[in-house]
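The values are calculated or read from the model by the stated rules, or taken from the named source; none is laboratory data. Model, not experiment: these values are computed from the prediction. Cβ atoms come from the backbone with ideal geometry, glycine included; neighbour counts cover every protein chain shown. Each accessible area value is taken on the protein alone, full model and side chains, heavy atoms only, with ligands, DNA and RNA left out. Shrake-Rupley method; radii C 1.70, N 1.55, O 1.52, S 1.80 Å.
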Amino acid sequence: MGSWFARSRSIPYLLKRNISFLHANSSCKTLPPYKSPHGFRERPAASILSFRRLESTLAGKQAQAVAYTDDEVDSDADGENQSIEFPGGRVGFTTQMEFISEATDKRVPCYRVLDDDGFPIAGTRFEQLDEETAVKMYKSMVSLQIMDTIFYEAQRQGRLSFYLTSTGEEAINIATAAALSPDDIILPQYREPGILLWRGFSIEEFASQCFGTKDGHGKGRQMPIHYGSKDLNFITVSSPIATQLPQAAGVAYSLKMDGKEACAVAFTGDGGTSEGDFHAAMNFAAVMEAPVLFICRNNGWAISTPVSEQFRSDGVVVKGQAYGIRSIRIDGNDALAVYSAIRAARMMVVREQKPVLVEALTYRVGHHSTSDDSTKYRSVSEIEQWKRTRNPMTRFRNWVQANGWWSDKEETELRGTLRQQVLKAIQIAEKTEKPSLGDLFSDVYDKLPSNLQEQEKSLRQTIKRHKQDFPADVPL
Amino acid sequence: MDKLNFVRDGGRKLPPGFRFEPTEEEIVFQYLSRKTFSHPLPALVIPEIDVFSMDPWQLAGDSDSEEDMYFFSNAHGCDNESERVTPSGVWKANGSSKKIINSSKRMPIVGIKKSLVFYMRSSTKIVATNWIMHQYCIALPQQEQNNCLVRIGEWSLCRIFMKKGGRQVEDDDANSYSASSSSPNYDPTIFNENFEQGIGAVALRAYSSSSANKMTVRDAINSALDEEMSADPKVFMMGEEVGEYQGAYKITKGLLDKYGPQRVVDTPITEAGFTGIGVGAAYHGLRPVVEFMTFNFSMQAIDHIINSAAKSNYMSAGQISVPIVFRGPNGAASGVGAQHSQCYAAWFGSCPGLKVLAPYSAEDARGLLKAAIRDPDPVVFLENELLYGESFPVSAETLDSSFCVPIGKAKIEREGKDVTIVAYSKMVGFSLQAADILAKEGINAEVINLRSIRPLDRAAINASVRKTNRLVTVEEGFPQHGVGAEICATVVEDSFEYLDAPVQRIAGADVPTPYAANIERMAFPQACASSFPL
C-alpha cells in the first residue's frame, strides 16, 4: 500500500508547510510562539486571548494550546521564568489575568480530499485506494442506500414495525469499515449498518433480524436495526444512547491485556456527546490508555435538536484536547478523507495504545427513524439541498468513474440487481417462521434456571388446554 | 546452629552467657527481628507453633514447669483487635498495644507488644483465667508517612505464662520481671514434639484442620478475591480506592501489591464510567469484579447494570455473555444517613438476567463470592458493612480454595418446627437472636438464611412453611415491593393450605433513613424490643 503524495502551491487552508505524513515518529510543526518585539511578555492587542489549535497533523505531538505558555517557561530577561509546582505538574504563571475565550475566531478546519464535485483538491494528501477496494466501497454504498430505501418503504407499508436509515452517511459507514481491520471490535450507535455490510453480513441476514425470524442469529429478541454479530466483531446495538462508549474503553482494555493488534471502535452521534457516559468514557480511556477509537458522526441533528442546541462548543473535536485525547475533524461526506483519516487514526491507536477522537461532519438526510417526520422541524429545501448537491455517494462515484473504474452501465445493472435482491429478501423473511416458544426463555442466563423451566412447562400445559386460543404464528 | 542437648542430670544447664529471661528489647531485636528477616538466631530454643491451635495448658506439654513459655507464632491478628479462638476458649486483648523501641540506636524497626488474657468457654459464657500471653510483633517501616496502617512482620514471639500472685502482668517497664532464682526447666523432648506439631500447624497457615477456626467476613471476601484472581488471570478488580487505599473498607487489602495495577484498577470517580468499562471488558471475555463503595452509588451506573449487563445475553441471543460481578456494601450501616443506607435487594432482585446474592456469614461470603466470580452470568453481590468485622466459625472445607456455595440454595441456619423466619444478610443474625429469645418462651423457630435473592429458593421456603405452618419474613429494605412481598406471594401461591396464619413481613420503616442514632435504630428491625429505651 503505497502512499501517493501531492505537493501544492496554494491551498485554501492552513496546510501550507511541509507536513510529514502517516508515520508516527514525525513531529508536527507549529507556528512559532508569540513574542512581542519589545521582549516584554505582552499580550496581543485583543485582551481576550485566542488559543491556537493543532494546525494539521496526522501524527506527532500535540501543539501547545495557548500561545503564551512558551514565554512563561523560557528563561526571560525579566527573570519571571519560574514555574510553580502543583499536583499535576509544573505550571508557569502570569501576572496578567487572562481568560481563555469560550470561542475562537476560526473553527477547527476539517480535513478534506475531494471537492464538492468529487475531484481531488489541489495539494491534498490522502491514502490512495486501489481499484478493487474503491469499487467494493462504492458498491457497498449503493447496497446500503438501496437496502435503506426499500426497508424504509416496507415499514411505511406496514410490513416492518420500525426502521432507521443511514441516508447521507454512507461514506462514513463504508469508508470507516474499509479502513479498519476485521479484528477491530465495533461498538455501534445505530447508524452504522454499513460496517456489517462491508464485513459480510448478507441482505438476508439483515432482513431476518428486522423481521425477527427464526433464521436470524438474533432469535427475534431485538427491535429492527439492532443488529449484532459476534463473528464479525460487531457488538449488538444497544438503545440507550452513549452506553457503548465506556464499554468500548472496557473492550479496549481487554484487548490491551491480551496484547492484540486491534482496537475497539465506538461510534456516537452529536447528541450522544451530551450524555454523561461520553465524558466518563473519554476521560477514563485517556487515563487508562485504552486503545479505543472514538468516532463522532456529527450530522447536525439529534432527532429534532440541532447542534446549536446540543452544545455551545466548536463541535466535538475540541473536546478531545480537554480530555488529553488526540483529535481530528474530517469531512464525513468525503469517502477518501474518511478512509485516510481512519486508517491513520487506527494506526495511532494501535501503535501508541492511546485513544483518538475523530469528528466526521456530515448531514442526516433521512428522518431520524420511521417514527419521525423531520420536515416538522427543518426545511424541506435544506434536506433537498444536501440530498442533491452535497451527496457523498455522488462525489465518490465521480472520483471512481474519473479513474475509469466504474461506468453508468454498471451503475444501472448494480442497482437493478440489488433492488431485486433486497425485495426478495424481504418477501422471504416476511414468510419465514418466527422463533419458537423455547426461544422465549433461553439465554436469560447461561443455563435455563428452574423457575423459567417451570414457567415454560406451565405455559405449554396452558397451550394444550386452550389450543384454540393460542396464536398460530408461534411455533412450539 | 545445631540443636544442643541442654539437659544434663535431669535439669537444664545453659551454657554460660545464655539466659532466657530476656528483656523486651531483646525479645524484639534479638530474636523476633532475626526470625522475621530470616537471619540466624542466637539460639534455636524457641519452637514455631500456632499458639492458638491449642489451649494454653496444652502448650506446656508434659512439663509441669511453671515457667514462661516462648513460641514463635504467626503474627496474624497482631494489628487488630480480633479475638483468637482456641478449642476451649478465646484469647482477648487486655489493654492497648505498647511500642518497644531500641534504646541504643534509632532503628526504623519498632516492636509492638500486645497483652492478652485467656477466657475459658463454659456453657453459656466465658470466664477469665490466669493465663496471660504477651505477643510481640514487629512493625515494619512504612513507605508513606500518611498511611496509618501498620505493616507487621510475619512472625510474632509469644510469651505465655500463668499469672501468679505478686506477679506483675501490666508491665510498663522493659525489664519488669522479677528475676526468678531458679533457672527455667526445659525439656527438649517436649521441644521436639511441639516443634513438629508447630511446623504442621504453621504449614496450614494458622488454620488447623482439627479445630474450628474463625474468620471475619472481611477476610473471607479478601481471601476469596485473592484465590480467584490467582486461579484465573482474566479476573480483575476495579473500583474507587480498591488499590492504593487497600479498599474503602479494607476488603481488597494486599491485592494491589500482589497482582499489580493492571489487575487491581483504581478508577476515577465515575460509577457510570467504570461500570460501563467493566461491562465492555466482560463483553470481550475478561471477568471483572466491580466494587461500588456502596450500592447507593450503583444508581449512577444502573443503566449499565440493567440495560447492558443483565439483558445482553438475552438480546444478543447468547452471543454476548457478561461474566461480571458487582459487589459492595448494601443496606444500612451506622449513622450514614439516607443516601448511604438503602437496601437494593428488591430492585436488583426483580430484574431477569441478573443473579443477586446476599451473604451473611464468612462461609457464605467466601463460597458465594467464589461462585459468583466463576459464574458466566452477571451477579450482584450485596455485602453488609456492619458484618465485615464480624467473625464466624469456618470449617476446613470452607478454607479450601475450591470451596463454593451453590447459587440459588438457601441455608437452614436453625431448625425448628413452630414458625419459619426467612431473612438475608444482617437480618439473619438478628433472626437467630430472636429465635433464642423465642426459645425461652417455648417457641421453636426455624431460621432460613436466603443467601440468594435471585434465584429465590422457593422450594426451601415452601418446604419449611409446610412443616411449621407459619411464616415471618425479615428484611432491612423498604416494605413496599420488597423481598418479603415476593416470598409472601410465592408461599400463598404454592402452600396456601398449609398456612395457619397470615404471613408477617418485618421490614425497615417506609422512610429515608434518618441519621440520629436513636431514630435510626427505630427505622430498622431490631432483635429485641427491650434492648433500647423507647
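Give, ordered by residue number, each residue of the range A:423-451 whose 1.4 Å probe accessible area is reduced by a minimum of 40 Å² on adding the remaining protein chains to the chain alone.
A:443, A:444, A:445, A:446
Which whole-number value in Å² is the accessible area per residue of the range A:314-472, probe 1.4 Å?
50
What are the aspartates and glutamates whose alpha-carbon lies under 14 Å from the alpha-carbon of residue A:457, with same-chain residues fewer than 8 places away excluded?
Result set, ordered by chain and number: A:439.
Over the alpha-carbon set of the range A:397-476, divide Rg by the Kirkwood Rh and report the Rg/Rh ratio to two decimals.
Across the range A:397-476, the Cα-based Rg/Rh ratio is 1.39.
At most 11 other Cβ atoms within 10 Å and a DSSP loop assignment: could you name the GluC sites (Glu not before Pro) in the range B:427-534 that fit? Please list the in-between numbers first.
On the way: sites: B:441, B:446, B:475, B:476, B:486, B:493, B:497, B:520; in loops: B:441, B:475, B:476.
Taking the range B:427-534 and a limit of 11 other Cβ atoms within 10 Å, the loop GluC sites (Glu not before Pro) found are B:441.
Could you list which residues have their amide H under 5 Å from that of residue B:448, counting only those 5 or more apart in sequence or on another chain, with H placed in the peptide plane?
Here B:413, B:421, B:422, B:423 satisfy the definition.
At a cut-off of 20 Å², which residues of the range B:244-265 become less accessible once all protein chains are present than in their chain alone, using a 1.4 Å probe?
B:262, B:265
Tally up the carbon and sulfur contribution to the accessible surface of the range A:101-181 as a whole percent, 1.4 Å probe, everything protein left in place. Could you put the intermediate results ahead of the total?
Numbers: 1490 of 3160 Å².
Solvent-exposed carbon and sulfur of the range A:101-181 make up 47 percent of the total.
Other chains' Cβ within 10 Å of B:451-461 residues: what's the mean? Intermediate results must be reported in sequence, preceding the final value.
Numbers: counts 0, 0, 0, 2, 5, 1, 1, 3, 1, 0, 0.
The mean count of partner-chain Cβ atoms within 10 Å per residue comes to 1.
Take the solvent-accessible surface of the protein heavy atoms, probe 1.4 Å, and return the percent of it on the range B:337-461 that carbon and sulfur atoms account for.
53
Counting heavy atoms of the protein chains only and a 1.4 Å probe, report the per residue accessible area for the range A:83-140 as a whole number of Å².
Dividing the accessible area of the range A:83-140 by its residue count gives 65 Å².
Mind checking which aspartates and glutamates have their C-alpha under 13 Å from residue A:424, skipping anything on the same chain fewer than 8 residues away?
Cross-link targets: A:204, A:205.
What does the structure give for A:219-226 when I average, per residue, the other chain Cβ atoms found within 10 Å of the residue Cβ?
Neighbouring Cβ atoms belonging to other protein chains average 3 per residue here.
Please list, or write none, the lysines whose alpha carbon is within less than 26 Å of the alpha carbon of residue A:260, excluding same-chain residues fewer than 8 places away.
Counting by Cα, and skipping residues close in sequence, residue A:260 has these lysines nearby: A:61, A:230, A:354, B:234, B:258.
When you have a sec, figure out the Kirkwood radius of the range B:211-340 from all distinct Cα pair distances and drop it here in Å to one decimal?
15.4
In whole Å and largest first, what semi-axes does the C-alpha gyration tensor of the range A:214-300 yield when each eigenvalue is scaled by 5 and square-rooted?
Computed over the range A:214-300, the values are 23, 19, 10 Å.
Could you list which residues have their amide H under 5 Å from that of residue B:343, counting only those 5 or more apart in sequence or on another chain, with H placed in the peptide plane?
Those lying under 5 Å, H to H, from residue B:343 are B:331, B:478.
Ranked highest first by the average count of other Cβ atoms within 10 Å around their residues, in what order do B:220-233, A:426-439, B:273-286 fall?
Peptide ranking by packing, descending: B:273-286, B:220-233, A:426-439.
Roughly how large is the B-A contact in terms of buried accessible area, totalled over both chains, probe 1.4 Å, nearest 100 Å²?
So the total buried area for this chain pair works out to about 3200 Å².
Among DSSP bridges having both ends in the range B:392-497, what percentage is antiparallel? Round to the nearest 5.
Beta bridges within the range B:392-497, antiparallel portion: roughly 25 percent.
Over the residues of the range A:357-412, compute the C-alpha Rg and express it relative to 2.2 N^0.38 Å. Walk me through the numbers before you get to the answer.
Details: Rg = 15.1 Å, N = 56, 2.2 N^0.38 = 10.2 Å.
Dividing the Cα radius of gyration by 2.2 N^0.38 Å gives 1.48.
Amide H neighbours of residue B:383 under 5 Å, counting only residues 5+ apart in sequence or on other chains, H built in-plane at 1.01 Å?
Under 5 Å from the amide H of residue B:383 lie the amide H atoms of B:328, B:330, each far enough along the sequence or on another chain.
Hey, could you get me the Stokes-Einstein D for the range A:233-346, Kirkwood radius over alpha-carbon pairs, 10 °C and 1.306 mPa s, rounded to whole µm² s⁻¹?
After rounding, the answer is 108 µm²/s.
Mind grabbing the accessible area of residue B:245 for me, 1.4 Å probe, Å², rounded to tens?
Here the residue's solvent-accessible area equals roughly 120 Å².
For the range B:301-338, state which residues have at least 50 Å² less accessible area in the presence of all protein chains than in their chain by itself, taking the probe as 1.4 Å and leaving out ligands, DNA and RNA.
In the range B:301-338, residues shielded by partner chains: B:304, B:314, B:315, B:317, B:319.
Per residue, how much accessible surface does the range B:226-316 expose to a 1.4 Å probe? Answer in Å², no decimals.
Normalised by residue count, the accessible surface of the range B:226-316 is 32 Å².
Taking the mean number of other Cβ atoms within 10 Å as a proxy for protection, how do you rank B:499-512, A:392-405 from highest to lowest?
Per-residue Cβ counts within 10 Å, averaged per peptide and sorted highest first, yield A:392-405, B:499-512.
Rounded, prolate or oblate, given the Cα gyration tensor of the range B:404-500, with a/c below 1.5 counting as rounded? Walk me through the numbers before you get to the answer.
Working: a/c = 1.40, a/b = 1.15, b/c = 1.22.
Cα axes put the range B:404-500 in the rounded bin.
Which value in Å is the Kirkwood Rh of the range B:308-459 over different Cα pairs?
About 16.5 Å, per the Kirkwood formula over Cα pairs.
Based on the alpha-carbon gyration tensor of the range A:132-181 and its eigenvalue square roots a ≥ b ≥ c, which shape applies: rounded if a/c is under 1.5, prolate if not and a/b is larger than b/c, or oblate?
The shape class here is prolate.
At a 1.4 Å probe radius, carbon and sulfur cover how many percent of the accessible area of the range A:206-269?
Result for the range A:206-269: 47 percent of the exposed heavy-atom area is carbon or sulfur.
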